[in-house]
Amino acid sequence: MKKGIYLLPSSITLCGMFAGFYALLASIKGDYIHAAWAIMIATVFDGLDGWVARRTSSTTRFGIELDSLSDVIAFGVAPSVLLFRWALMPFGRVGWAAAFLFTACGALRLARFNIQMGSAEKKSFTGMPIPGAACVVAATVLFYKEMGLVSNKSFFILILAFVLAALMVSTLKFHSLKEIDFSKRKPFRLLVVFIVILALVLMHAEIALFSLAMLYLSSGLVENAYIYFRQRQAAGHK
């Protein structure tokens, strides 16, 4: 600390923390749509600060710890309060237990990530990353509003909260953008796919974001189930 800190990545991290704090205030006031969008914006800052730190060789222990604290607020506490105020409050004790479990498992996920950093956890994630879980929550809120669905005492939302909490502390493999080497040439079709996704987001942002969030969630479950059964088959042939 006596040598100073890298200002740029830390400032970006604080922007993500501010977005998460704003999401908290918006949820308390009942402005769930602004809260959901604030969480989405926080994920952009979360990805940007790490990218900037790696590109500028300014990764420090201070930055890692600050990023984790920011993630607890923006992707742990903020989505939990949003879930509780928006859909889980009518469930009473079960509702606030589900909301707390989301926050607690998110914090455990971050603690495990910090310990595994540089050893077991490389480019892919062990367990669902907490920003991904928060995005699922935010995208679901936006989707329900766009489709005119009722969230009050929705058992789907209650089950989703428990599932996301369990996935964060699981040992299932989830992919990361860090697995993609942007410095190497890629097939032209990937650019076409990106343009199509961008067009869909611009036309129907709420529906597209919810679809992408659920696709990430379901693809992780399907891939891990496939790996599990392949390992069982391989073990059976021995």
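Data for the structure
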{"quantity": "Candidates 98, 36, 104, 87, filtered to the one that is within 19 Å of residue 16 (Cβ to Cβ), of a type in the set (A, V, I, L, M, F, W, C) and in contact (Cβ under 8 Å) with a residue 12 or more places away in the chain", "calculated": "36"}
{"quantity": "Matching residues in region 141-179 - criterion: being touching a residue at least 40 places away in the same chain (Cβ under 8 Å), over 30 Å from residue 114 (Cα atoms) and of a type in the set (Ser, Thr, Tyr)", "calculated": "151, 154"}
{"quantity": "Single residue of region 194-238 satisfying the filter (more than 22 Å from the chain's Cα centre (by Cα) and within 29 Å of residue 36 (Cα to Cα)) that is modelled with the highest pLDDT", "calculated": "195"}
{"quantity": "Hits in region 205-238 (condition: under 18 Å from residue 141 (Cα atoms) and surrounded by 13 or more Cβ atoms within 10 Å (Cβ to Cβ))", "calculated": "205, 206, 207, 208, 209, 210, 211, 212, 213, 214, 216, 217"}
{"quantity": "Residue within region 116-125 that is over 16 Å from residue 45 (Cβ atoms) and crowded, with 18+ Cβ neighbours inside 10 Å present", "calculated": "yes"}
{"quantity": "Failed item in (1) over 18 Å from the mean Cα position of the chain (by Cα); (2) not in a helix (DSSP H, G or I), with residue 191 passing the rest", "calculated": "(2)"}
{"quantity": "Check on residue 8, assigned to a helix (DSSP H, G or I), among the aliphatic types (A, V, I, L, M) and modelled with pLDDT of 90 or more", "calculated": "no"}
{"quantity": "Members of region 152-173 that are farther than 17 Å from residue 78 by Cβ and out of contact with any strand residue (DSSP E or B) (no Cβ under 9 Å at 6 or more places or on another chain)", "calculated": "152, 153, 154, 155, 156, 158, 159, 162, 163, 166, 169"}
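For every residue, the table says whether it meets (1) under 22 Å from residue 176 (Cβ atoms); (2) surrounded by fewer than 23 Cβ atoms within 10 Å (Cβ to Cβ).
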| position | (1), (2) |
| --- | --- |
| 44 | yes, yes |
| 53 | yes, yes |
| 62 | no, yes |
| 83 | no, no |
| 95 | no, yes |
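The values are calculated or read from the model by the stated rules, or taken from the named source; none is laboratory data. Predicted, not measured: the structure shown is a model, and the values here were computed from it. Ideal geometry is used to build each Cβ from the backbone, glycine not excepted, and the neighbour counts take in all protein chains shown.
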